[in-house]
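Down below is the structure, laid out as structure tokens.
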Amino acid sequence: HSFSTAVEDLAGNQSPKSPETAFVIDTSQVAITITQVLDDEGSITGPFINGGVTDDTTPTLVGQATPNSQVKIYDNGVLLGSVTADAKGSWTYTPETALAEGDHHFTATATTDAHGESDPTSAFDVKIDLTAPGKPGEGTNGGIDEVMDDVGLIQGPIANGGHTDDTTPTLSGAGQVPGDTVIIKDNGKEIGRELVGDDGTWSFTPTPPLNDGNHDFTLVVTDPAGNASEESDPYNVVIDTSAPAQPLIVSVVDDQGNQVGPIEQ
């Protein structure tokens with residue numbers, strides 16, 4: 001709105017109009033939400049849920065607010081920065097400075113000329129995790145504890161460096177963090193992934209079957225943020241499904257008594 005005034009006398013003469021006084025009437029309710037937080041660093045990228053974990057120290061916050069309002073973003077109650085919502089109310093914000101490892105509780109407010117600063121949104125919780133799991137098989141970090149043969153005449157655990165006729169031996173281990181992912185490699189090539197269970201254990205059976213020959217099995221462990229451990233030392237297994245050649249009896253020799261020597265068939 002823009003108001004101006006003029007004065008008119010009894011004869012109908014009118015003065016020039018005064019300068020205009022402009023103002024805005026805004027009776028709309030101020031709106032502000034954080035709709036998602038985006039990770040664009042590391043091996044795991046994309047949006048993550050409230051309470052999620054990330055290795056991105058500058059995650060991007062996305063939300064909706066009253067169109068053209070000023071959006072202020074807070075982290076653990078401390079102002080991080082501000083942006084202006086566009087004409088449709090959309091806004092995004094990426095921290096200019098890397099955030100510290102740990103828990104972050106993001107909230108946002110919307111400020112308009114008519115209403116001032118709104119109440120903050122509910123918190124969008126994010127944990128920044130930059131610490132990779134320890135090397136499997138060292139210290140308290142579990143590695144490949146057992147490789148099991150369950151086919152053929154000889155079954156049971158296969159020792160490191162042992163032989164087997166099982167082309168799908170089952171690898172298993174314990175002592176990992178529940179929710180982490182175990183990546184199994186064979187001679188340096190990934191052959192599968194398994195999620196660590198609530199009890200810290202995992203097991204894996206190859207599909208399809210493995211070829212005859214030498215197999216160096218190793219592990220890499222990744223956490224939900226995408227941090228990866230060092231590769232474990234190899235657990236060596238030789239798969240051999242080729243039977244020995246058919247034996248041949250070439251002679252039977254008598255070496256006792258008066259008559260000794262080869263015995264004819």
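The values are calculated or read from the model by the stated rules, or taken from the named source; none is laboratory data. Please read all numbers here as calculations on a predicted model, not as lab measurements. Positions of Cβ are backbone-derived with ideal geometry, glycine not excepted, and every protein chain shown enters the neighbour counts. We work out accessible area using only protein heavy atoms, side chains counted, and drop any ligands, DNA or RNA first. Shrake-Rupley method; radii C 1.70, N 1.55, O 1.52, S 1.80 Å.
So how compact is the chain: Cα radius of gyration and Dmax in angstrom?
Here Rg and the maximum Cα pair distance are 36.5, 165 Å.
So how much accessible area does Lys189 have, in Å² to the nearest 10, using a 1.4 Å probe?
140 Å²
With equal scatterers on the alpha carbons only and no solvent term, can you work out the Debye log10 of I(q)/I(0) for region 79-194 at 0.13 1/Å?
Log10 of I(q)/I(0), two decimals: -0.73.
Which whole-number percent gives the relative contact order of region 188-256, counting Cα pairs below 8 Å spaced six or more residues apart?
Once normalised by length, the contact order is 25 percent.
Considering only lysines 8 or more places apart in sequence, or on different chains, count the pairs in the chain whose C-alpha atoms sit under 29 Å apart.
Eligible lysine pairs with Cα atoms under 29 Å apart amount to 5.
With a cut-off of 8 Å between alpha carbons and a minimum separation of six or more residues, what is the relative contact order of region 82-230 in percent?
20 percent
What accessible area, in Å² to the nearest ten, does a 1.4 Å probe give for Lys17?
For Lys17, solvent-accessible area is about 150 Å².
Note down the net charge around Pro262, summing +1 for each Lys or Arg and -1 for each Asp or Glu among other residues with Cβ under 13 Å from its Cβ.
Result for the local shell: -3.
Please list, in order along region 45-58, the HN-Hα scalar couplings obtained from phi with the Karplus expression 6.51 cos²θ - 1.76 cosθ + 1.60 (θ = phi - 60°), rounded to whole Hz, x for Gly and Pro.
Residue by residue, region 45-58 yields 10, x, x, 9, 6, 4, x, x, 10, 8, 9, 8, 7, 10 Hz.
Can you find, among Ile239, Thr181, Gln256, the residue sitting farthest towards the positive end of the charge dipole of region 151-265, where Lys and Arg contribute +1 and Asp and Glu -1 at Cβ?
So the residue we want is Thr181.
What does the charge count near Leu80 come to, summing +1 for each Lys or Arg and -1 for each Asp or Glu among other residues with Cβ under 10 Å from its Cβ?
Computed value for this residue: -1.
Pull out a ≥ b ≥ c, the square roots of the eigenvalues of the alpha-carbon gyration tensor of region 1-141, then state rounded if a/c is under 1.5, prolate if not and a/b is larger than b/c, and oblate in the remaining case.
Prolate.
At a threshold of 8 angstrom on Cα-Cα distance, excluding pairs fewer than six apart, so keeping six or more, what relative contact order does the chain reach in percent?
14 percent
Can you bin region 6-78 into rounded, prolate or oblate? Criterion: square roots of the alpha carbon gyration tensor eigenvalues sorted a ≥ b ≥ c, rounded for a/c under 1.5, prolate for a/b above b/c, oblate for the rest.
In terms of gyration-tensor shape, prolate.
Under a Cβ-only charge scheme (Lys and Arg +1, Asp and Glu -1), can you give me the dipole magnitude of region 138-246 about the Cα centre, in debye to the nearest 20?
For region 138-246, the charge dipole is close to 200 debye.
Over all directions, how big on average is the projection of the convex hull of the alpha-carbon atoms in region 138-265, in square nanometres?
In nm², the orientation-averaged hull projection of region 138-265 is 12.1.
For the chain, with the dipole built from +1 on Lys and Arg beta-carbon atoms and -1 on Asp and Glu ones, taken about the Cα centre, which of Ala132, Thr45, Asn160 lies farthest toward the positive end?
Thr45
What do you reckon, how do Val71, Val151, Val253 stack up by accessible area (1.4 Å probe), largest on top?
Val253, Val151, Val71
Using a 10 angstrom cutoff on alpha carbons, build the Gaussian network for the chain and name the most mobile of Asp56, Asp254, Asp39.
Asp254
Using the crude model of +1 on Lys and Arg Cβ and -1 on Asp and Glu Cβ, and no other charge, please compute the dipole size for the chain relative to its Cα centre, in debye to 20.
Its charge dipole is roughly 1080 debye.
Quick one: order Leu248, Leu195, Leu210 from most to least accessible surface, probe 1.4 Å.
Solvent-accessible surface, decreasing: Leu248, Leu195, Leu210.
Between beta-carbons, use under 9 Å as the cut-off and find the net charge around Asp56, counting Lys and Arg +1, Asp and Glu -1.
Value of the local net charge: -4.
Among Ser118, Ser18, Ser229, whose mean-square fluctuation peaks in a Gaussian network model of the chain (Cα, cutoff 10 Å)?
Maximum among the listed residues: Ser18.
Given +1 on the Cβ of Lys and Arg, -1 on the Cβ of Asp and Glu, and no further charges, what dipole in debye does region 15-166 carry about its Cα centre, rounded to the nearest 20?
Magnitude of the dipole: close to 1020 debye.
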